[in-house]
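Engineer: Starting off with a structure, shown below.
The values are calculated or read from the model by the stated rules, or taken from the named source; none is laboratory data. As the structure is a prediction and not an experimental result, all values here were calculated from the model. Cβ: placed from backbone, ideal geometry, glycine included. Neighbour counts: every protein chain shown. The protein model used for the area step is the full one, side chains on, heavy atoms only, and it has no ligands, DNA or RNA in it. Shrake-Rupley method; radii C 1.70, N 1.55, O 1.52, S 1.80 Å.
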Amino acid sequence: DAVRALEREWPDVLVSDIGMPGEDGLSLIDRIRRLERARSAGVAVPAVALTAYASDEDAVRILAAGYQVHVKKPIEPFVLVDILADVLDRRAPSSGSAAPGAREHENDPAD
């Protein structure tokens, strides 16, 4: 459904879970990055992985797949809003891998 929606309208930012039935968030971001290259879009849609996959290894894998930020669940809504504002401010070129500045977010309300 997400890919069909992207074909109709390109978003300003993508927030996706990783563990989903059918297609997981890693294959979703791969499809999105391939669509960007096909569209010759110079800038990747900022992508935030909001997930319960919280290990350091999960974060590395998620960022390498093409998300700019790895956010561990649960998260306070105001913290997510701050993360989205931050990721929109630092849009990066699409490369099919983690963008410069890709990071794991610790969900610290002081951020």
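Engineer: Under 5 Å between amide H atoms, partner at least 5 residues away or on a different chain: which partners does Leu14 have, H built in plane at 1.01 Å?
Structural biologist: The list, which skips near neighbours in sequence, is Ala47, Val48.
Engineer: While we're on this one: Taking every eigenvalue of the Cα gyration tensor of region 1-65, multiplying by 5 and rooting it, what semi-axes result, largest first, whole Å?
Structural biologist: Semi-axes, largest first: 21, 13, 10 Å.
Engineer: How do the peptides 51-63, 7-19 rank, highest first, by the average count of neighbouring beta carbon atoms within 10 Å per residue?
Structural biologist: 51-63, 7-19
Engineer: How large, in percent, is the carbon and sulfur part of the accessible surface of region 30-71 at a probe radius of 1.4 Å?
Structural biologist: Percent of accessible area from carbon and sulfur atoms in region 30-71: 55.
Engineer: Output wanted: per-residue J couplings in Hz (rounded whole) for region 12-24, from phi through Karplus 6.51 cos²θ - 1.76 cosθ + 1.60, θ = phi - 60°, x for Gly and Pro.
Structural biologist: 7, 7, 10, 10, 9, 6, 9, x, 10, x, x, 9, 7
Engineer: Something else now. Residue separation times 0.36 nm, minus the C-alpha to C-alpha distance between Leu80 and Asp30: what's the value?
Structural biologist: 15.7 nm
Engineer: Then there is this: Could you do me a favour and compute the accessible area per residue for region 1-65, 1.4 Å probe, result in Å²?
Structural biologist: I get 55 Å² per residue for this part.
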